[in-house]
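Q: Before I ask anything, let me first share the structure, which is written out below as structure tokens.
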Ligand code: ADP
Ligand code: MG
């Protein structure tokens, strides 16, 4: 059917009225009738259907969208008029047709001037969204005699009537906002997907205009497929003159948020078989660990933990809607040059959805999210942990992050969302992201005689959000040095690995994506093991010290479930439980042991209150109370210090001074008169 011979609007109308889907139903009259019921103003048309009906008609929508869409809207209005006449009258000027499912996606990177004023479909990630602003559609202008003249609006600048329709007045026509019609409008910014970004390139982005009922269809961090018309918009004006340089943007017609299910990497049947075979191998788990960052020698338990993080535990949603996080967070602290950054890079590349960032942050949005102001509009911009939603954010130099990010991460690491309220924008963004963080100790090298909190500067509550923390120390022994040197030299000489990893990089990536689909459940045996271990941990800590909390138990469940996932099992076995326990136990030995009292499983370490410290605190307070006596008289600092010294609990004067500073800072004692202190009464 040649298009030229018939009017486009007639063809569109015929399509809408006569198109039958596979089950023989007339889909579109039905959909249009629905609009009246739901009060919606857009009818969604599946592009496939048009192509099936008439290829040329479909083509015309892409190549000449402005004319074709106008005709399409007219046709839709005609059909709506027969289906729901009065509603059609109400929404006459705002009825819209939205095209869904244009299958030929154009890579964002290759959109250029040849696409100007064409309808295209592109996939990408929304990184920014502006506040909603009213856009004038139908202007009501009033002359000085009070007559009304209406002008339909399009284009960038406002269009005014040349003269009043009733009295021919040409001046003093004022816009009457109350009688004008506005629709919501919003600017979004869409960016290339990180996995499609060629290495070493800057991601390409487009500003996207969204109007009417598709505003707020997508939030920063969402992955979308959108259809729209590419437009050229004049860039900044240079003084009075207009610039010759234009910027392209997309006028969106339809925005579809992509399926949020993880691991959208296509996996062929053959690959699925390969994956299943890997899991069947008797040393399957060991072989997977061995395939992690094969260029890095040793660090097996770190590799094992990161492997678990990449698979993650399944998220549990309780009947009341509470979400229990399945994502595993891991923190690597250690000496410089022990391949921490290298590990993070590998993890970010092999993760089905990974991002690598430095805590210092390179964008305004940093790690979490920010509200920025551009051309008088407030915009919400997503940071790394939001963009890596349903994936992994590898954050190097974690201790150097900005203060805003710190507080945002408190929320993110437990609740899996980032909330921002600023500049009139209040939003909660999804950030179901596993965090793999790394930091160097403050003094360059990790001091094994000090607790973790004294080795790094990180706000205390953040530390408790990590499921596992590793301390990687560079402790040279001749044999190890030799091994590492040989390994590094071999890799360089052969320009490859000395022994090939059992599972190659590309397959490992697919393996991980595949494993994420499994939601294993705990077996009774696994449950018993985890419970035993947890209760033991609770017991090992003495009165007045801080022991394991239910958080630890949840961590164990996540780790064990992730291990089951990696083995492609839908049950968490005893073996998985033991694997999780062994990793947790490593953390208990290395991190959660007070360096002073050697108390094991002392979770006070993470809170900056290890057993030793708490002991000293209570001794100090006892001494202070004795000096006060029953009549609670002020205590002279000089005498207090002498008594603390005599107690033998403190190594030197420095430690005593620190304790006193702490008592004052935390408001436990206060200076009553110079040199004399009182206790704050509870
Ligand atoms: P960090 O971030 O811990 O300071 P890097 O990741 O930057 O350290 O590592 C420094 C360099 O040393 C990297 O090139 C890394 O490959 C190498 N290296 C360090 N430890 C190992 C190891 N165990 N095996 C192989 N290479 C290593
Ligand atoms: Mg580093």
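The values are calculated or read from the model by the stated rules, or taken from the named source; none is laboratory data. For clarity, every value in this text was computed on a predicted model and none was experimentally measured. Positions of Cβ are generated from backbone atoms using ideal geometry, with glycine treated the same way; all protein chains shown enter the neighbour counts.
Q: Being assigned to a loop (DSSP other than H, G, I, E, B), in the same structural domain as residue 556 (by TED's automatic domain parsing) and away from ligand 1 (no atom under 16 Å from the Cβ) is the requirement here; does residue 441 meet it?
A: In short, no.
Q: Would it be correct to say that residue 80 is under 25 Å from residue 218 (Cα atoms), in a helix (DSSP H, G or I) and modelled with pLDDT of 85 or more?
A: Against the criterion (under 25 Å from residue 218 (Cα atoms), in a helix (DSSP H, G or I) and modelled with pLDDT of 85 or more), residue 80 does not qualify.
Q: Could I ask something else about it? Regarding residue 627, is this residue assigned by TED's automatic domain parsing to the domain that holds residue 471 and in contact (Cβ under 8 Å) with a residue 12 or more places away in the chain? Step through it out loud before you land on a result.
A: Values: assigned by TED's automatic domain parsing to the domain that holds residue 471: no; in contact (Cβ under 8 Å) with a residue 12 or more places away in the chain: yes.
Answer is no for this residue.
Q: Is there a residue being more than 16 Å from ligand 2 (Cβ to nearest atom), crowded, with 19+ Cβ neighbours inside 10 Å, in contact (Cβ under 8 Å) with a residue 12 or more places away in the chain and closer than 30 Å to residue 380 by Cα anywhere in the stretch 284-293?
A: No: the stretch 284-293 contains no residue that is more than 16 Å from ligand 2 (Cβ to nearest atom), crowded, with 19+ Cβ neighbours inside 10 Å, in contact (Cβ under 8 Å) with a residue 12 or more places away in the chain and closer than 30 Å to residue 380 by Cα.
Q: Whether any residue in the stretch 575-585 is more than 33 Å from the chain's Cα centre (by Cα) and in the same structural domain as residue 274 (by TED's automatic domain parsing) is what I want to check. Spell out how you get there, then give the answer.
A: Just the residues of the stretch 575-585 that are more than 33 Å from the chain's Cα centre (by Cα), to begin with: none.
Scanning the stretch 575-585 turns up no residue that is more than 33 Å from the chain's Cα centre (by Cα) and in the same structural domain as residue 274 (by TED's automatic domain parsing).
Q: Further question: What number goes with the only condition from (1) farther than 23 Å from residue 310 by Cβ; (2) touching a strand residue (DSSP E or B) at 6+ places or on another chain (Cβ under 9 Å); (3) more than 16 Å from ligand 1 (Cβ to nearest atom) that residue 446 does not pass?
A: Residue 446 satisfies all of (1) farther than 23 Å from residue 310 by Cβ; (2) touching a strand residue (DSSP E or B) at 6+ places or on another chain (Cβ under 9 Å); (3) more than 16 Å from ligand 1 (Cβ to nearest atom) except (3).
Q: Follow-up. Test of understanding: among 359, 298, 312, which residue is within 14 Å of ligand 1 (Cβ to nearest atom), assigned by TED's automatic domain parsing to the domain that holds residue 402 and in contact with a helix residue (DSSP H, G or I) (Cβ under 6 Å, 6 or more places away or on another chain)?
A: Details: 298 fails: in contact with a helix residue (DSSP H, G or I) (Cβ under 6 Å, 6 or more places away or on another chain); 312 fails: within 14 Å of ligand 1 (Cβ to nearest atom).
Result: 359 is the single residue among 359, 298, 312 that is within 14 Å of ligand 1 (Cβ to nearest atom), assigned by TED's automatic domain parsing to the domain that holds residue 402 and in contact with a helix residue (DSSP H, G or I) (Cβ under 6 Å, 6 or more places away or on another chain).
Q: Turning to a different aspect of this structure: Report those strands (runs of 3 or more DSSP E) wholly inside the stretch 334-435 carrying at least 1 residues which are more than 28 Å from residue 554 (Cβ to Cβ).
A: Numbers: elements: 354-358, 369-374, 377-382, 392-396, 417-422, 425-430.
So the answer is 354-358, 369-374, 377-382, 417-422, 425-430.
Q: Now for a separate question. How many residues, within the stretch 21-54, are without any contact (Cβ under 8 Å) to a residue 24 or more places away in the chain, closer than 15 Å to residue 97 by Cβ and touching a strand residue (DSSP E or B) at 6+ places or on another chain (Cβ under 8 Å)?
A: Number of matching residues: 2.
Q: Kindly provide the set of residues from the stretch 294-316 that are part of a loop (DSSP other than H, G, I, E, B), within 18 Å of residue 583 (Cα to Cα) and within 16 Å of ligand 2 (Cβ to nearest atom), ordered by number. It would help to see each step written out before you state the result.
A: Initial filter on the stretch 294-316 (part of a loop (DSSP other than H, G, I, E, B)): 294-299, 312-315.
Cutting the leftovers down to within 18 Å of residue 583 (Cα to Cα) gives us 298-299, 312-313.
The one that is part of a loop (DSSP other than H, G, I, E, B), within 18 Å of residue 583 (Cα to Cα) and within 16 Å of ligand 2 (Cβ to nearest atom): 299.
Q: Checking the conditions here, which among 225, 151 is surrounded by 14 or more Cβ atoms within 10 Å (Cβ to Cβ) and more than 30 Å from residue 47 (Cα to Cα)? Step through it out loud before you land on a result.
A: Working: 225 fails: more than 30 Å from residue 47 (Cα to Cα).
None of the others qualify; the one that does is 151.
Q: Would you confirm whether or not the stretch 89-106 contains a residue that is out of contact with any strand residue (DSSP E or B) (no Cβ under 8 Å at 6 or more places or on another chain), buried (at least 16 other Cβ atoms within 10 Å of the Cβ) and outside any loop (DSSP other than H, G, I, E, B)? Spell out how you get there, then give the answer.
A: Within the stretch 89-106, the subset out of contact with any strand residue (DSSP E or B) (no Cβ under 8 Å at 6 or more places or on another chain) is 89-92.
If we keep only those that are buried (at least 16 other Cβ atoms within 10 Å of the Cβ) as well, we get 91.
Now narrow it down to the ones that are outside any loop (DSSP other than H, G, I, E, B): none.
The answer is no; no qualifying residue exists.
Q: Something else: On the basis of being closer than 19 Å to residue 381 by Cα and crowded, with 16+ Cβ neighbours inside 10 Å, does residue 433 make the cut? Reasoning before the result, please.
A: On the way: closer than 19 Å to residue 381 by Cα: yes; crowded, with 16+ Cβ neighbours inside 10 Å: yes.
Criteria met by residue 433.
Q: Still on this structure, I have one more. Identify, please: which residue in the stretch 308-320 is surrounded by 22 or more Cβ atoms within 10 Å (Cβ to Cβ) and out of contact with any strand residue (DSSP E or B) (no Cβ under 7 Å at 6 or more places or on another chain) and is, among those, modelled with the highest pLDDT? Spell out how you get there, then give the answer.
A: Step one: of the stretch 308-320, the residues surrounded by 22 or more Cβ atoms within 10 Å (Cβ to Cβ) are 308-313.
So of that shortlist, the ones also out of contact with any strand residue (DSSP E or B) (no Cβ under 7 Å at 6 or more places or on another chain) come out as 308, 311, 313.
On the way: 308: 94, 311: 91, 313: 88.
Looking at the filtered set, the residue picked out is 308.
Q: Go through 377, 453, 433 for me and flag whichever is under 30 Å from residue 185 (Cβ atoms) and away from ligand 1 (no atom under 16 Å from the Cβ). Full working, then the answer.
A: Details: 453 fails: under 30 Å from residue 185 (Cβ atoms); 433 fails: under 30 Å from residue 185 (Cβ atoms).
After applying the criteria, what remains is 377.
Q: Further, regarding this structure: Can you name the condition, by its number, that residue 524 falls short on among (1) without any contact (Cβ under 8 Å) to a residue 40 or more places away in the chain; (2) within 13 Å of ligand 1 (Cβ to nearest atom)?
A: Answer for residue 524: the failing condition is (2).
Q: While we're looking at this one, here's another question. Is it fair to say residue 400 is within 16 Å of ligand 2 (Cβ to nearest atom), surrounded by fewer than 18 Cβ atoms within 10 Å (Cβ to Cβ) and closer than 22 Å to residue 470 by Cβ? Walk me through how you get there before you give the answer.
A: On the way: within 16 Å of ligand 2 (Cβ to nearest atom): yes; surrounded by fewer than 18 Cβ atoms within 10 Å (Cβ to Cβ): yes; closer than 22 Å to residue 470 by Cβ: yes.
Yes: the conditions hold for residue 400.
Q: Does the stretch 198-210 include one or more residues that are at pLDDT below 85 and buried (at least 16 other Cβ atoms within 10 Å of the Cβ)? Even if it seems obvious, please write down each step before you answer.
A: At the first step, the residues of the stretch 198-210 found to be at pLDDT below 85 are 198-203.
Cutting the leftovers down to buried (at least 16 other Cβ atoms within 10 Å of the Cβ) gives us 203.
Yes, the stretch 198-210 has at least one match.
Q: Can you name every residue in the stretch 317-348 that is away from ligand 2 (no atom under 16 Å from the Cβ) and touching a helix residue (DSSP H, G or I) at 6+ places or on another chain (Cβ under 9 Å)? Spell out how you get there, then give the answer.
A: Just the residues of the stretch 317-348 that are away from ligand 2 (no atom under 16 Å from the Cβ), to begin with: 317-329.
Matches in the stretch 317-348: 323, 324, 325, 326, 327, 328, 329.
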